[in-house]
Amino acid sequence: MRDKNNNVAWAVRIAVLFLAQGVAMHASAADDGPKLPWTADAIRDAALTMAAADAPASRDSLFGDDDKPAPANESRESLFGEEVTPKANGPRTISWRGFVRGELAYTYANPKHWSKMLVRSELDGEGALTDAIKYHIGARFDYDAVYDATNFYPSDVRRDQRFEAMARENYVDIGAGDWDFRLGRQQVVWGEMVGLFFADVVSAKDLREFILPDFDVIRIPQWATRAEYFKGDFHAEAVWIPVPTYDNIGKPGSEFFPALPPPPPGYATLFDNEQFPRRELGHTNAGLRLSYLHNGWDGSAFYYDSMDAQPTFYRQIVLAQQPAFVYQARHDRIEQFGGTLAKDLGPAVFKAELVYTRGRSYNVLRLSDDDGVVRQNTLDVVGGLDFALPEDTRLNLQLFARTFFDHDPDIIPKRNEPGASILFSRKLAGNVSAEVLYIASLARSDWMARPRLVWDFEKNWQLIAGLDIFHGPPLGFFGQFDDRDRVYTQVRYAF
């Protein structure tokens, strides 16, 4: 369970700091009034003290942002966009940015229902203590009125998704010559393709809306210590996560809770509380990533040893008065080896990722298996071309495949699971653009289509309308949500 009281308390303290900053700015602007002690330096110091003092909840409900995190191979000077410089004769200032967004979604597949009435707001601040020490603080607040306006979802889902106050990225950057250090809650992105996750193995994910939101919303920051070394075209990165964050899959009965093999007739399906690894040294995560740029080819290799952020549902068959299959989500220890490759080819940008995963468990269909799971080693490979075409047109093509070694014939996936994706977008008249993303399995009829229109109708304002359509077998990656087809709209104001 998430420690929501702790999250709310953290968010309240952040809100107080935001308010205090506004008061300080107002007081500083006045020519004839008493000067308040709430300087930007004092607020910054208080924010850093709180961020360092906060311990993560036992089930983290905190997750990522809507703004792109800096790629891992960028220098520390580019982590914040524009440089933060002190005023000539005054305190260093905090630079603020954020957004407010409203989202509506209506599921038109049976049973028809409103599935989202979300208001999401986010505020991030960044600044510098010295030229070599910078910091970032952030929080997000979500309220989904669908759980007050309707009675469609179970009470556990309502408590889980109705309201959240979340700490986002809260870290300190320290520069020391060729070394950079980042301490705190942060995004660690080791790879990024279109539509699906492959080499992005460090990030935990908020999957309560499947993979539909932007990746920076899906990603959950980790409490981590990261060290980076830069020398010419070489870059090394080491990360240690003492208190891991795990994927948030929601509660049974929520819109995109994972589908599991159905029990035989006469058996019920029940769920035990998710089991999270104890906080101890043997359950921490660590990884190393090396990258090098040569003749325009940007390549990297990594190793990551972790408690799997992705849960596996262990099964127990109970022969009581009411026979049932009881499932419990657990997290296994896994190892992952991989790499990424990118090259600008002129008319297109080539990207590829490869990940070998050892020790992850998968559900098995045979009833004779004691816990209903088997361990499988897999290899994921993906390659893609991103074309920037005339008239503000973009075309992205990807091919991907997952191979199971020593494949167990009773797991749901086949030995080889190939797939493909197409992303096409084009600017139409004015500030309106159209986009469609299509991802499909090449081994079966299992696909997702996402057409949408985007209208930038005013400066800092954006309106989006679209469809999310799923098709496939009941246990397919997309087909499990065949009855979740929906129409949605979003309006966003950024500042």
**OP:** Using θ = phi - 60° and the Karplus relation 6.51 cos²θ - 1.76 cosθ + 1.60, list the HN-Hα couplings for the stretch 96-108 in order, rounded to whole Hz, with x at every Gly or Pro.
**Re:** 10, 8, x, 7, 10, 9, x, 10, 10, 9, 10, 7, 9
Subject >> Contour excess over end-to-end distance, with Cα ends at I211 and A465 and 0.36 nm allotted per residue >> reply: 89.7 nm
**OP:** For Y292 and R394, calculate 0.36 nm times their separation in residues minus their Cα-Cα distance, and state this gained length in nm to one decimal.
**Re:** 33.9 nm
Original post:
If you average over every viewing direction, what projected area does the convex hull of the Cα atoms of the stretch 326-436 give, in nm²?
Top reply: 10.2
Original post:
For the stretch 176-183, in order, what is each residue's ³J(HN,Hα) by Karplus, 6.51 cos²θ - 1.76 cosθ + 1.60 with θ = phi - 60°, in whole Hz (x at glycine and Pro)?
Top reply: 9, x, 7, 10, 10, 10, 10, 10
Original post:
If you stretched the chain out fully between R97 and D305, how much longer would it get, using 0.36 nm times the residue separation minus the C-alpha to C-alpha distance?
Top reply: 71.4 nm
Original post:
Over the alpha carbons of the stretch 127-222, what is the largest minus smallest coordinate on each principal axis, giving the biggest first in Å?
Top reply: 57, 31, 17
Original post:
Shape of the stretch 139-182 from its Cα gyration tensor (a ≥ b ≥ c, root eigenvalues): rounded if a/c is under 1.5, otherwise prolate when a/b > b/c, or oblate?
Top reply: prolate
**OP:** Please report, in cubic angstrom per residue, the volume enclosed by the convex hull of the alpha-carbon atoms of the stretch 249-400.
**Re:** 172
Original post:
In nanometres, what is the gap between the two model label sites at F163 and L345, each 7 Å from Cα along Cα-to-Cβ?
Top reply: 5.2
**OP:** Evaluate the relative contact order of the stretch 328-478 (contact order divided by residue number), counting alpha-carbon pairs under 8 angstrom at least 6 apart; express in whole percent.
**Re:** 13
Original post:
Which ³J(HN,Hα) values in Hz, rounded to whole numbers, follow from the phi angles of the stretch 296-302 under the Karplus curve 6.51 cos²θ - 1.76 cosθ + 1.60, where θ = phi - 60° and Gly and Pro get x?
Top reply: x, 8, 9, x, 9, 9, 9
**OP:** Count charges around P418 for me, please; just the other residues with Cβ under 13 Å from its Cβ, Lys/Arg as +1, Asp/Glu as -1.
**Re:** +1
Subject >> Listed residue pairs exceeding 24 Å between alpha carbons, taken from K205/K251; K112/K251; K251/K414; K112/K427; K231/K343 >> reply: K251/K414; K112/K427
**OP:** Rank these by accessible area, largest first, 1.4 Å probe: M166, M117.
**Re:** M117, M166
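The values are calculated or read from the model by the stated rules, or taken from the named source; none is laboratory data. The model shown is predicted, which means the values in this text are computed figures rather than measured ones. Counting neighbours? That spans all protein chains shown, and the Cβs are built from the backbone with ideal geometry, glycine included. Please note that ligands, DNA and RNA were not included when accessible areas were found on the heavy atoms of the full protein model with its side chains. Shrake-Rupley method; radii C 1.70, N 1.55, O 1.52, S 1.80 Å.
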